[in-house]
Amino acid sequence: MAKKINRPLRSEADYDEALAEIERYFEMEPKPGTPEADRFDLLALIIEDYERKRWPIEPPSTIDAIRYSMEMGGYTQADLGRLLGSRQRASDILARKRRLTMGMAWKLHREWGIPAEALIAPQPIRGRRSAA
């Protein structure tokens, strides 16, 4: 029988052991409030922590978040233009030639439900050199 992991995972071997141990709970889910349920919760937490540190997922860029919202909501570039004030402004933003203003970010958050943190992240602008 494999040893039980009772600490944060520090290696791929620890991770593999934790995965092997948690798999047995998938076939027979433990009853809430039991030591087995506590063990399952602990394993899930340390596995999640290891995966988050080992394979972090970067948030989407502002433009990716807008494009995703357009696709999921059935919005067109014309809809974005109406929301932001002009089709040209919408085109420039999607082409990364213009940055969103806080007012635009607020409208996109309020009207289309795009998370504010995705809209206020620093955005690169094409065609301009950054000041050093």
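We did not get these values from a lab; they are worked out from the coordinates using the rules stated. This one's a predicted model, so the numbers in the text were calculated from it and none came from an experiment. All Cβ positions, glycine included, derive from the backbone under ideal geometry; neighbour counts span all protein chains shown.
Tabulated values for the structure
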| item | result |
| --- | --- |
| Square roots of five times the Cα gyration tensor eigenvalues for the chain, Å | 46, 19, 11 |
| Contact order normalised by residue count of the chain, Cα under 8 Å, 6+ apart, percent | 19 percent |
| Förster radius 22 Å - calculated FRET efficiency between ILE57 and ASP92, Cβ distance, rounded to 0.05 | 0.15 |
| Loop-resident sites, segment 1-58, for trypsin sites (Lys or Arg not before Pro), counting at most 14 other Cβ within 10 Å (DSSP) | LYS3, LYS4, ARG10 |
| Distant alpha-carbon pairs in segment 12-54 (separation over 15 angstrom), percent | 41 percent |
| Segment 62-119 shape via C-alpha gyration tensor axes, a/c threshold 1.5 | rounded |
